[in-house]
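The structure under discussion appears below in the form of structure tokens.
The values are calculated or read from the model by the stated rules, or taken from the named source; none is laboratory data. Since the model is a prediction, treat every value here as computed from it, not as a measurement. With ideal geometry, Cβ positions are generated from the backbone for all residues, glycine too; neighbour counts draw on all protein chains shown. These area figures cover heavy atoms from the full protein model, side chains too; ligands, DNA and RNA do not enter into them. Shrake-Rupley method; radii C 1.70, N 1.55, O 1.52, S 1.80 Å.
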2 protein chains.
Amino acid sequence: MSVRLAVLQAPAALADVAERLVWLSGRLAKAAKRGADLALCPELFATGYNIGKRIADRAEPADGAIARTLSDMARTHGIAVHCGFAETDQGRIYNAVQCYGPDGARLVHQRKLAIPPGPERDYYSPGAGCALFDLGGMRFASLVCYDIEFVEPARHVAAQGAQVILVPTALSDNWGWVSRQMVPARAFENGVFLAYANHCGEEGGLRYLGESFVAAPDGEELARAGAGEQMLIADLDPARVAAAQARLPYLAERDSLRLD
Amino acid sequence: MSVRLAVLQAPAALADVAERLVWLSGRLAKAAKRGADLALCPELFATGYNIGKRIADRAEPADGAIARTLSDMARTHGIAVHCGFAETDQGRIYNAVQCYGPDGARLVHQRKLAIPPGPERDYYSPGAGCALFDLGGMRFASLVCYDIEFVEPARHVAAQGAQVILVPTALSDNWGWVSRQMVPARAFENGVFLAYANHCGEEGGLRYLGESFVAAPDGEELARAGAGEQMLIADLDPARVAAAQARLPYLAERDSLRLD
């Protein structure tokens, strides 16, 4: 048994929320046809990433219109959808994701924990807590973009039993090292699958790297996108997680290290 | 001001302790001529790595003949030497390193913290504690081989102010991913220099990868060896550590992440 994942590397040029959700609906239909159980979108996909102050206008509560549309689309196409959006809550804005199952029920809600230096700090508050969810017999965690660059959050969710870490990102083309070198290490060092979904093209003068990828627990790169729009498909087999964690027991033995 | 480091990728075929120390003395002379302040040897260089039960015969106390010879060589050639050896202490054997300064004084003594699954567990006890040392105005930590594959020890020493992590290793040629992908990530994610010194050639049926390297705090690979005997030279500038840690404050902000 395994879970088939579709990673949607989406064009940044999509204009507004409506156009983004229409594009997504088309991709979900295709992903479902290819047998995918779950589709992963880039960071803030539904609202847009590099849109300056307009983010405040597009941001919605976690149970708003974007959420209802995602739930409908998941049910319509019979595929789980994991999608980022700007969330308003009690006067604050969060960089959030939600995942809806093929029955339309919400599986998870997660906010970005670490807001990186730069323009994001003008808008977003940091979230708290790591929520896991189960789908197709596997356990998933969601860590948004900058959160995966720290070693601690990935370690934390893997220790809680996450077998797959889903990472929506918005990585510009001067950060190739992060996508090619550092983020794949998070998969290997925890013995888990990791999927990294990026935008492509240009948005408000920001050029995205593309290069979404799926890494296996043993370091194998199962798929990597180029610079343009692309759908990656990868099968995630939980047996590979068990094998990797048995071969290199970093997780099991980390607490026995006597650092002091 | 910077520290010039020589990484000695040593041939595994060197027969015994005497032959190893003679080889090292010749390399220290060359490294000193090239202006190096410090020379880094592979894991268990002085005693040999893959020599089975013979390790018990070659192991010595931390103040034994190997230690005295290293101290003499450092003073003779006017260069610090960082060298691994099998250490006996109260009936146990440790996979240890010591570093002697150009005046012959011992700068550090560090034992491997994590003994990996496999033959090492037949011989070695895990060490405890991370010792740092200062040389040429920079702060160094030593983590032996498998210790750097865990995220925690590197984070721990970087948080204590280490600007350079020295990693003697004994990596066989089926673990290229570790050398090329995961270990360089430790440098970037902590904003520190990292030097990885491996053996080359064959020892007791084990084929080493070679590919010793030096990584800068911003991910740049300053030098990488091929499969054969080689001396890498790299200049370590503390300003690069400060710049990397300011640009990406993973260390400074990790404790403010609210994981739970």
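General remarks:
- Residue in segment A:26-36 that is within 18 Å of the chain's Cα centre (by Cα), in a helix (DSSP H, G or I) and within 27 Å of B:LEU257 (Cα to Cα) present: no
- For segment A:128-137, a tally of residues being in contact with an Asp or Glu (Cβ under 9 Å, 6 or more places away or on another chain) and either hydrophobic (A, V, I, L, M, F, W, C) or at negative phi (or both) returns 3.
- Qualifying residue in segment A:233-247 (condition: open to solvent by 10 Å² or more (accessible area, probe 1.4 Å) and assigned to a strand (DSSP E or B)): yes
- Which numbered condition B:ALA6 misses (of (1) in contact with a helix residue (DSSP H, G or I) (Cβ under 6 Å, 6 or more places away or on another chain); (2) open to solvent by less than 20 Å² (accessible area, probe 1.4 Å); (3) over 20 Å from B:LEU232 (Cβ atoms)): (3)
- Any hit, segment A:137-144, residues being within 14 Å of chain B (Cβ to nearest Cβ), small (Gly, Ala, Ser) and assigned to a loop (DSSP other than H, G, I, E, B): no
- Close pairs (7 angstrom Cβ cut-off, 6 or more residues apart or separate chains): of a type in the set (S, T, N, Q) in segment A:224-241, open to solvent by less than 40 Å² (accessible area, probe 1.4 Å) anywhere: A:GLN230/A:GLN9
- Any pair with Cβ under 8 angstrom, 6 or more apart, that starts in segment A:100-120 at a residue that is within 14 Å of chain B (Cβ to nearest Cβ) and ends at one that is assigned to a loop (DSSP other than H, G, I, E, B) and open to solvent by 40 Å² or more (accessible area, probe 1.4 Å): A:ARG111/A:PRO126; A:ARG111/A:ALA128; A:LYS112/A:PRO126; A:LEU113/A:PRO126; A:LEU113/A:ALA128; A:LEU113/B:ARG258; A:ALA114/A:PRO126; A:ILE115/A:PRO126
- Top-ranked residue in segment B:219-229 [being buried (at least 16 other Cβ atoms within 10 Å of the Cβ) and of a type outside the set (A, V, I, L, M, F, W, C); ranked as farthest from B:GLN9 (Cα to Cα)]: B:GLY219
- Meets criteria (part of a loop (DSSP other than H, G, I, E, B), β-branched (Val, Ile, Thr) and touching a Ser or Thr at 6+ places or on another chain (Cβ under 9 Å)) for B:ILE93: no
- When segment B:216-232 is filtered for residues that are at the interface with another protein chain (Cβ under 10 Å from one of its Cβ atoms) and not in a strand (DSSP E or B), the ones remaining, listed by number, are B:ASP218, B:GLY219, B:GLU220.
Matching residues to (1) farther than 25 Å from A:ALA114 by Cβ; (2) at pLDDT below 95; (3) of a type in the set (A, V, I, L, M):
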{"residue": "A:GLN9", "(1), (2), (3)": "no, no, no"}
{"residue": "A:VAL17", "(1), (2), (3)": "yes, no, yes"}
{"residue": "A:TRP23", "(1), (2), (3)": "yes, no, no"}
{"residue": "A:ARG27", "(1), (2), (3)": "yes, no, no"}
{"residue": "A:LYS30", "(1), (2), (3)": "yes, no, no"}
{"residue": "A:LYS33", "(1), (2), (3)": "yes, no, no"}
{"residue": "A:PRO42", "(1), (2), (3)": "no, no, no"}
{"residue": "A:GLY48", "(1), (2), (3)": "no, no, no"}
{"residue": "A:ILE66", "(1), (2), (3)": "no, no, yes"}
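- Residue count for segment B:156-187, restricted to those that are buried (at least 22 other Cβ atoms within 10 Å of the Cβ), free of Cβ contacts under 8 Å to residues at least 60 places away in the same chain and within 17 Å of B:GLN245 (Cβ to Cβ): 7
- Residue within segment B:141-151 that is on the phi > 0 side of the Ramachandran plot and crowded, with 22+ Cβ neighbours inside 10 Å present: yes
- As for segment B:74-88, it holds at least one residue that is assigned to a loop (DSSP other than H, G, I, E, B), more than 14 Å from every other protein chain (Cβ to nearest Cβ) and open to solvent by less than 10 Å² (accessible area, probe 1.4 Å).
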